[in-house]
Structure formats: structure tokens, C-alpha cells
Amino acid sequence: MSRYPNPLTLMLVILIMPCAGVAQTASLGFIGGIQGTFLLPPVTPAFQTASITTRFPTGTGSIGYTSRAKPFTFGPTVEVSLPRGLAVEFDALYKRLDYNYKFIGPVSGLLAFKEDQNIISRWDLPLLLKYRLRNIAHRPYFSGGLNTNYIVNTTDSQRLAPDYQDHPFTLPPSHKPPSELRYRSSEGVVVAGGFEFSLHRIRLAPELRYTRWAHENFHSVLFRSNLDQAELLVTVGLVNPQ
């Protein structure tokens, strides 16, 4: 669980309540995109993984992790417009952060092969204050705020083999949190920039968004969450009536 009070609640009170009397319109939309884009590949993988070779009395083996995190993210978005080019935006972005753990060791008669296939579902809940540059083509904007993530589901399927001569067998899936999970939720600071334009009655807004998380959801010697998260997102919604 998170070590701190949820900052989104505090920011929501600070930003929304004073603006409730001057809000102009509210709009719903869909936001989606990819994480770990080709623009910033070294910074944005969901996990930092490693493998090592270790020596046993009967030979050498290996222990390691591999990431199977999906690059896509998507979910609903709501925006409340304010005077002077300001707006408040709240998103709910779904992510799949799957990964594998594998152990191979020459331990005849005992466990010689073990693989954990972990399926992880996480929601990111950013709350942003947005500013649009008015009277400029394609309406560029900048935004910043707080982000909170929450892991809602973990599923672990284990494949085991007691000896190299045996074929691995699969145990029934388990929803017990994996040992690498340290915090089910984390907070972070988010900044973004993009532009928007209209296509008939559809509003499109591509943007580049960066989040710096306060601490990792997952952490072990050979495996940890990346604290840097960069995403290329596109918001799709209806044009607000003037």
C-alpha cells in the first residue's frame, strides 16, 4: 500500500472547489497511446530487468527476469474548462505490466526449473491543470499535476519441473501478490505538452507526457519498476459548442 495519503484527493479539493463557480463546460473523451515510445526508448521501459548465472555444487544455473509489459495504455478522460485558457483534466489510464521470473538449476531429483508468469493490471489516475495558448493555430497547451497509480490485479501462473528429464507442468493460477510487489500504489509528478485541432466535430489532442514516480511498485535485486515514465498519448473527444 502507499506510504502517504492520496495526494489526488488533496489536489482535487484545492483546484476544483475554488473553480466550481466559474467552470464553463465539461467534456468527456477517450485517451490512449503508447509507453516506451521510439522517441525515448532508453528512459521509458516499465521495468529494469537482469539475469545472473550462479554456480551450484552440481553445475551452473541461471536466475532472471524478463518484461512482458504491454506498450499500450488507454481509458476515459474528463476535462472541465475554466476562464483564461485554463482547464482541469482527470484521466484513468489502464496498463498491463506483465513479467516473467525464471530459475534453471542442475539439481537432479529436486526443483530444476521454475517459471512465474505474472499478469499485472494497473490504473494510472493523473489530475492535471492545463493551460492553452489562445489565438494560436492548433491551440498548443501545457499541463502539470499529480499522478497516482494503483495495481488492481495480480495473477501468477507457475510452470515447474523437478528434473531436466521431465516436462514442465503448470499449477492453477494464483492471485496472491508476487514477492517483488512492494507498494500497490505510488504517487508521482506529471508534466505534459501537446496541441489540439478539430476534424469536423471531433477534437484530437496528441501530447507527450512524462511522470516521475516517488517509489517503485516492484523491487528486488534483479527486477524493479522504472521511476521514469514517458508516454505518447492522443485524446479523442467532441468539440465543445461555443
How high is the FRET efficiency from F169 to T49, r the C-beta distance, R0 30 Å, rounded to 0.05? 0.75
For V152, what accessible area in Å² do you get when you roll a 1.4 Å probe over the heavy atoms of the protein chains, rounding to the nearest 10? 80 Å²
Expressed in angstrom and rounded, the centroid-to-centroid distance over alpha carbons for segment 45-81 and segment 114-142 is 21 Å
Please give the residues of segment 192-236, grouped as numeric ranges, whose backbone N is less than 12 Å from a label point set 7 Å along the Cα-to-Cβ vector of R182. 214-227
Can you tell me the FRET efficiency between S67 and R134 if r is taken as the Cβ-Cβ distance and R0 is 45 Å, rounded to the nearest 0.05? 0.60
With 0.36 nm assigned to each residue of separation and the Cα-Cα distance removed, H219 to N153 gains 22.0 nm
With θ set to phi - 60°, apply the Karplus curve 6.51 cos²θ - 1.76 cosθ + 1.60 along segment 134-144 and write out the HN-Hα couplings as whole Hz, x wherever there is a Gly or Pro. 7, 6, 10, 4, 6, 6, x, 8, 10, 8, x
Using label points projected 7 Å from each Cα along Cα→Cβ, tell me how many nm separate T60 and F195, to one decimal. 5.4 nm
What do you get when you divide the Cα radius of gyration of segment 85-242 by 2.2 N^0.38 Å, with N the number of residues? 1.45
How large is the accessible surface of K102 in square angstrom, using a 1.4 angstrom probe and rounding to the nearest 10? 80 Å²
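The values are calculated or read from the model by the stated rules, or taken from the named source; none is laboratory data. Keep in mind it's a predicted model, so treat the numbers as computed, not measured. Virtual Cβ from ideal backbone geometry, glycine too; neighbours counted across all protein chains shown. Accessible surface areas use protein heavy atoms only, side chains included; no ligands, DNA or RNA. Shrake-Rupley method; radii C 1.70, N 1.55, O 1.52, S 1.80 Å.
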